[in-house]
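Below: the structure, in structure tokens.
The values are calculated or read from the model by the stated rules, or taken from the named source; none is laboratory data. Predicted model, so just to flag it, every value in this text is computed and none were measured. Every residue, glycine among them, receives a Cβ derived from its backbone with ideal geometry; neighbour counts consider all protein chains shown. Accessible surface areas use protein heavy atoms only, side chains included; no ligands, DNA or RNA. Shrake-Rupley method; radii C 1.70, N 1.55, O 1.52, S 1.80 Å.
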Amino acid sequence: AREVVRPAVDRIVLAGPESPSGGTLRGNGMRGQATWYATPWGGLSAASPWLPFGTLVTVTDLETGNAVTVIINDRGPFSPGRIVDLSPAAFATLAPLSRGVLHVRISF
């Protein structure tokens, strides 16, 4: 006889000193690198390797203090230290696309 004491619950838990992609966790956010990528859609959207789709994330450029709020609707980036891929519109809100990589804090 088997008894289920507590049914399983799907959830994402960020724990430990580093995120799965190598960014540094700080409270309910983290620091790392942001890049941009050509999305098939427009708007202020972003990709995260682990945050649930539909999560609103505020991305702040640590160099300038500029911030943008985006919605997670894709997966990526998959390079160490990179914590978010931004749509061109979202990245351009923070800095010119020619910067390529930003050092950011994300809050969610």
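Just one of the listed residues (ALA47, ALA89) is over 18 Å from GLY29 (Cα atoms) and either modelled with pLDDT of 95 or more or crowded, with 17+ Cβ neighbours inside 10 Å (or both), namely ALA89. Residue-level check: of (1) more than 19 Å from GLY100 (Cα to Cα); (2) polar (S, T, N, Q); (3) free of Cβ contacts under 8 Å to residues at least 40 places away in the same chain, THR64 misses just (1). Among all residues of the range 10-30, there is at least one that is buried (at least 16 other Cβ atoms within 10 Å of the Cβ) and modelled with pLDDT of 80 or more. For the range 92-102, a residue qualifies if it is of a type outside the set (Gly, Ala, Ser), open to solvent by 60 Å² or more (accessible area, probe 1.4 Å) and not in a loop (DSSP other than H, G, I, E, B), and the qualifying residues are THR93, LEU97, ARG99.
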